[in-house]
Structures are given as structure tokens and as C-alpha cells.
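The block underneath contains the structure these notes are about, expressed in C-alpha cells.
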Amino acid sequence: MAVSERERTRAHERLETLAAADLGPEEACRAAIDVLRRAVGFGRWCWPLTDPASALATSGIAEFDLWPELPRLAALEEHGDVTRKPRLALAPCASTALSAETGGNLARSRRWRECLEPYGIGDELMTVCRDRHGCWGSLELMRDSGDRPFDENDARFLDRLSPTLGTLLRRSQRRGWQREAEPLPPLAPATLILDADLQPVSWTAAFREWLAELSPAGMLPPAVYELGTRVLTPSEEASGLPASVRLRTQLGRLATLEAAPLEGAGTGHVVIGVRSASADEIFDLLCLTYDLTRRERQLVAFVLEGLGTKELAQGLCISPYTVQDHLKSIFAKTGVRSRGELVGQVFLDHYVPRWEPPADPPSGLLVRRIE
């Protein structure tokens, strides 16, 4: 059934309202899906959320189960198929239909042939959800094999929605980070080794502890496979995006996963490092979720060090009046009324149990069980 431009304009307005609301990640995504289903028309859907800096998966919400396909899906979405998420994340247009990329012959897509066709899926419309701070997710809308493919108007509509959907996901991250009643005990850094087929071959003892928080089912997160594929992608075809991802564990800890290819006897293998996110990494992500400008980030960093208005003005080479203007903007964005609330409610009590101010203000879905 054709949808009028007026109806799509109304859908866009409803999504902007959702983006401004105080919703958690799953609530925001499901509410947006309800709007999009009426404005676009699709059957199944998948919505991975991503680290804005690397566009690698941090979590995800889906309407159907593709767990058995996840290693292959993650690998082909990163590299080796006609549609690639990193390329789309960096492209001028944020949305593309698989039918358009394959010239109407879906079988040209390895990902479709190997992972989607067996489930009766036909065309797919993939959209990266990005705002000025980065890519916060990739929305994948799917029609059944007997349905008509997505057309150019569908892709253009989702392209226009990309910044709104990016903002919706970015703002929802604030609700996604829940305060812990007690500080979590520290976990030692851990290492996992993957072979050329992205299968785990060895790991340190600490990795078991991390995996228990990353995935209670004991399965590897999709980000592990995406990281492995990213570092094994030939340099001439690499996206240039970093091979690291910050993601929240089941207990609320922020972890950083980083990957690098092995050389020597381990050539062709990948090492994945897992550790607690640093104060700078937490600070950076918090500032992004609250839409702080570079100057506001610098000011917040100094506020966390306990500097007064005069010291803030001297440190940033601005007037005390300008400091107050920036603070008003920061308070409005973070929903607080004072510096004490900013430090206590936003940057310390809720998210950073053992805060160390940055020296330089920074400018579940699984597959193989670890036995």
C-alpha cells in the first residue's frame, strides 16, 4: 500500500517527538518501529546499537532470532558483501536497499544468500542512525521474499530520518546506564584469541569473568566478530574506522574491547583485549550522549576538578560571564541546576564510581559458547 508524503511527514514529526522524550533504548526503538511500520511497511526488523566512534555493535533489539547466523552476518556486514555497514556509516547517503545495491538480483549478495534467504527474507533496507556525534545504530528493515522490494522513495525517507534516529538512540543511552547501588569489584584485563575463521582458540582466565558479564549465556558478543573481521580486512579495503568498541555489561560496567592482528606464529589470528573503560573513555561517551560542545566538555572537565568561576575563566581564557553562559547551557542539556548536581548526579554517582578527571579533556547476541 502506497504511503503519501504527508503521512511520512507526520511520521517524521512523531519520531522527532520520540527523540526528545526520556526513553530507554528498547522502549525508544520499539516506539520508533511502530511509527516506521506504518510509514514504510515491512515485516521483520533488526536494530543493532553501536559505539558512535567505531560503528561496532554494543547491543541490539530484533523481532526474530538470527543467532545461528551471527558470526557470518557480522563478518559480511563488515566486509565482503555488496552492502557494508562501515562504508554506509561514512557515505553521504545513510540508507540503501539491498535490491538497489544488487540491481534487483538479491542473489548477488552473499549475506542474503547465506544468512537471510533461508529465513524467507526478501529485500532489506539498511539505514545507519547517525547525528553529528557519530553512528549510534544501524536499522535493518526486511520484507518477506514474496513482498515487493523497497524503492527509492523508501530509501530517501529513511535517509532523511537518519539524524533523528541517531539522536533518539544517543539520548536513550542516558536511561540505558543504570546506577549501581554498590561499586562493582574490578576485573583484570583479559585476552581472547580468534582464528582466521573468527572462532575462539584460547583465552585468559579473566576472560571468563568478563564473558559472564557481557553475556550470561556464555556466548560471544557480535562485537567480537565485527572486531575480528575489521582487523583482518585488507588495508586497501579497510574503512579506517577504529577497531575498538565501548559497551555496557549486564551489571552496568562500561567495558572497552580492542582488536589487533597477530604476527609470527599466529599470523592470520586476531587478539581481542577486554578491559574496564578508562575515565577518558567514559567522559567522552557521556559528553556525547548529552550533546556537549567541545568548549562545554572542557568546562565540565575543569568543574570536575573543583575549579571556581574565576579559575574556569582563566583556564579557558574567557570571561566569567561567558563561563556562566556555558554552564547554563550545560545545565539545560544535562537536566541539573547546579555544579554540585552536575558532578554528583551526572558524572560521578550514576556512572563513574571511582572518577579520575581526564588530564586533557578528550576532544547480546552471540554464537559460540566458551567452555
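For this structure, a couple of remarks:
- Length added when fully stretched, residue 13-residue 184, from 0.36 nm per residue minus Cα-Cα: 57.5 nm
- Euclidean distance between Cα centres, the range 1-33 to the range 55-115, Å: 23 Å
- The string of couplings for the range 27-36 from the Karplus curve (6.51, -1.76, 1.60, θ = phi - 60°) is 4, 5, 5, 5, 5, 5, 4, 4, 5, 5 Hz, one whole number per residue in order, with x for Gly and Pro.
- Residue 122 long-range amide H proximity, modeled H, under 5 Å: 143, 144, 145
- Neighbour counts of C-beta atoms inside 10 Å place 59, 172 in the sequence 59, 172, starting with the fewest.
- Rounded Å value of the spacing that divides the Cα centres of the range 323-343 and the range 221-297: 30 Å
- Given their separation in residues at 0.36 nm each and the Cα-Cα distance between them, residue 3 and residue 199 gain 66.1 nm when the chain is fully extended.
- CD proxy at 222 nm, helix term only [per DSSP H run n ≥ 4: -39500 (n - 2.57); per residue of the chain; nearest 500]: -11500 deg cm²/dmol
- Packing-based exposure ordering (other Cβ within 10 Å, fewest first) of 165, 36: 36, 165
- Where trypsin sites (Lys or Arg not before Pro) fall in DSSP loop in the range 120-190, at most 16 other Cβ within 10 Å: 132, 179
- Charge-dipole axis of the chain as Lys and Arg at +1 and Asp and Glu at -1 on Cβ define it, positive-most pick from 168, 94, 212: 168
- Furthest towards positive pole of dipole, 28, 313, 118, structure part the chain, Cβ charges: 313
- In terms of Cα atoms, the Rg and Dmax of the range 190-277 work out to 12.8, 39 Å.
- Measuring nothing but how far apart in sequence close Cα pairs (under 8 Å, 6+ apart) lie, relative to its length, the range 280-348 scores a relative contact order of 33 percent.
- Gain in span if fully extended, residue 107 to residue 156, counting 0.36 nm per residue against the direct Cα distance: 15.3 nm
- Global form of the range 30-132, assessed from the alpha-carbon gyration tensor, a/c cut-off 1.5: rounded
Computed from the coordinates by the stated procedures, all read-outs in this text should not be read as laboratory data. Here the structure is a predicted model, which is why all the values come from computation and not from measurement. Quick reminder, even Gly has a Cβ in these numbers, built from the backbone with ideal geometry, and neighbours come from all protein chains shown.
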